[in-house]
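We did not get these values from a lab; they are worked out from the coordinates using the rules stated. Just so it is clear, the model here is predicted, and its values are computed rather than measured. No Cβ is skipped: glycine too gets one built from the backbone with ideal geometry, and neighbour counts run over all protein chains shown.
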Amino acid sequence: MKRSLDTICIHGGWKPAKGEPQQLPVYQSTTFKYETSEQMARLFDLEDSGYFYTRLANPTNDAVAKKIAALEGGVGAVLTSSGQAANFYAIFNICEAGDHFITSNTIYGGTFNLFGVTLKKLGIECTFIDPDWDDERIEAAFRPNTKCVFGETISNPGAKVFDIERFAEIAHRHGVPLIVDNTFATPINCRPFEWGCDIVTHSTTKYMDGHATQVGGAVVDSGNFNWEAHGEKFHGLTTPDESYHGLTYTESFGKMAYITKLVTQLMRDLGSIPAPQNSFLLNIGLETLHLRMRQHCSNAQKVAEWLERNEKVAWVNYCGLPSDKYYALGQKYLPDGSCGVIAFGLKGSREDAIRFMDRLDFISIVTHVADARTCVLHPASHTHRQLTDEQLRDAGVAPDLIRLSVGIENVDDIIADIEQALK
Ligand SMILES: *Cc1c(COP(=O)(O)O)cnc(C)c1O
């Protein structure tokens, strides 16, 4: 039976049988027992499915991954120990030394470094493009060894909306998948697979957890990309894997090829699994994701409108404002609301921005974003301080940009705190 997202938030992934716990249990065990040596051998050959070691699979982690896959409308998902690990695995599962990919330049600072610096050391190159360029200029970035295109539904910290359908079409014209980091929108407000995206990633650390209790990530596969049609590009999926006795992922697992390879190769060899306890906490967060997202969006809309009217504010980026550059894209992809994150700048100097932040009361200065508590950050002094001014501008981060993550407190209290700090 088809269920609404609200119901999946509560019931997805875990269906207790008679006498089993109503709440998802924490399977705090590294290993799982079998009766015969033969049973265990079949698991190692991927001929049978079952749990044997938590680095590869754990029932608590799996239940939460299934819930996230159901929310996104994908065929499968894997949880990782962080959002960084999720984005690394999503790319590394189809790129190797000598390969290239294309990414939006308006992405999270950590991802910017991972792609531009660390992957480069592994021999994987990327080209940063401005998503506002015309098709011709973007298509000029493709090379014969280009393996995927990457963007964020709503960029962190610039709050820009990514034109998913357009980028899916461009990627598919070149025979490669589109990967979208859907952290800020969450599947409650946008499901990128419905717009042609092939792989979704998440930092579950943010809204999905929602309470700043655990760092985690997820990779979700739509199952829609036809790897075999472009087999020469994706030989890791379409030719025999020597580390599994010559098994070929697309032949053996069909629509589950990408996600199965990610677990059986990358998780096996690199680790980065979440602790089952963390997945349990994430699951409690997911149970209220639909309720919290509505409150984040309604609060942020009111705060953005208030900021826009305030004479001390120079500019506001929030796609729910009709004046916003991304309003039309927001209405298309995020008709029920985007998220709680607003980017704005104050009239005055960089120091004025810092003074404003220091005078806030319950609104806290933290690196974190997108959870129940309203918080602020000055990317140029904090998350993005390793970028040069030019890279900052390229990443769409103005030096005066303040990232305000509107929480789910009473909106009048949030506005009152901002107002007294501005005064
Ligand atoms: C925070 C964040 C990440 C990195 O996630 P961690 O869980 O901190 O490793 C990746 N993408 C986006 C959009 C983020 O906001």
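Converting phi to 3J(HN,Hα) with the Karplus coefficients 6.51, -1.76 and 1.60 and the offset θ = phi - 60°, region 37-52 yields 5, 4, 4, 5, 4, 5, 5, 5, 8, 6, 8, 9, 10, x, 8, 9 Hz in sequence order, with x at every glycine or proline.
Residues whose amide H comes within less than 5 Å of that of PHE101, counting only those at least five positions distant or on another chain, are GLU125, CYS126, THR127, LYS147 (H built at 1.01 Å from N in the peptide plane). Using label points projected 7 Å from each Cα along Cα→Cβ, tell me how many nm separate ARG268 and ASP134, to one decimal. Taking the two extended label points, one gets 4.9 nm.
One-quarter of the Cα convex hull surface for region 293-423, in nm²? Don't skip to the answer; put the middle values down first.
Working: hull surface 30.3 nm².
Approximately 7.6 nm², given one-decimal rounding.
When you count the other C-beta atoms within 10 angstrom of each residue and take the mean per peptide, 69-79, 176-186, 237-247 line up highest first as 176-186, 69-79, 237-247.
Where does each of 213-226, 365-378, 8-21 land if you order them by average Cβ count within 10 Å, highest first? List each step's numbers first, then the result.
Working: 213-226: 23.3, 365-378: 19.6, 8-21: 13.4.
For the peptides 213-226, 365-378, 8-21, the packing ranking is 213-226, 365-378, 8-21.
Note on the chain: dipole from Cβ charges, positive end direction compared against LEU247, CYS126, PRO157; the farthest Cα belongs to PRO157. Taking the C-alpha atoms only, the angle from helix 411-422 to the longest principal axis of the chain is near 60 degrees.
Indicate the gyration tensor shape class of region 2-106 (rounded, prolate or oblate), computed on the Cα atoms with a ≥ b ≥ c the square roots of the eigenvalues: a/c under 1.5 is rounded; otherwise a/b larger than b/c is prolate and the rest oblate. Don't skip to the end; give the middle numbers.
Numbers: a/c = 2.38, a/b = 1.22, b/c = 1.95.
Taking the square roots of the gyration eigenvalues as a ≥ b ≥ c, region 2-106 is oblate.
The charge dipole of region 5-284, taken about its Cα centre with unit charges on the Cβ atoms of Lys, Arg (+1), Asp and Glu (-1) only, comes to about 740 debye.
Spacing of the modelled spin labels on LYS2 and GLU96, each 7 Å from Cα toward Cβ, amounts to 4.1 nm. The distance between label points at LYS312 and GLU409 comes to 1.6 nm (points 7 Å beyond Cα on the Cα→Cβ vector). Given their separation in residues at 0.36 nm each and the Cα-Cα distance between them, GLU20 and LYS33 gain 2.7 nm when the chain is fully extended.
For ASP99, the shell of other residues with beta-carbons less than 11 Å away shows a net charge of +1, using +1 for Lys and Arg and -1 for Asp and Glu. Relative to the longest principal axis of the Cα atoms of the chain, helix 83-92 runs at roughly 50 degrees.
The C-alpha atoms of the chain define a longest principal axis, and helix 164-173 lies at about 40 degrees to it.
Averaging over all projection directions, the Cα-based convex hull of region 5-284 occupies 14.8 nm² in the image plane. The mean sequence separation of alpha-carbon pairs under 8 Å and at least six residues apart, normalised by the residue count of region 304-423, gives a relative contact order of 25 percent. Bridges between two residues of the chain, per DSSP, are antiparallel at a rate of about 60%.
If a/c stays under 1.5 just call it rounded; otherwise compare a/b with b/c (prolate if a/b is bigger, oblate if not). Do that for region 20-70, with a ≥ b ≥ c from the square roots of the Cα gyration tensor eigenvalues.
Working: a/c = 2.43, a/b = 1.68, b/c = 1.45.
Prolate is the answer for region 20-70, as a/c is 1.5 or above and a/b outweighs b/c.
Each Lys or Arg adds one and each Asp or Glu subtracts one; over the other residues with Cβ under 13 Å from the Cβ of GLN214, this totals -1.
List, in the order given, every pair from LYS2/LYS255; LYS160/LYS423; LYS2/LYS332; LYS233/LYS261 whose Cα-Cα distance in the structure shown is over 27 Å. Violating the 27 Å limit, Cα to Cα: LYS160/LYS423.
Counting only Cβ charges, +1 for Lys and Arg and -1 for Asp and Glu, the dipole size of region 327-423 around its Cα centre is about 240 debye.
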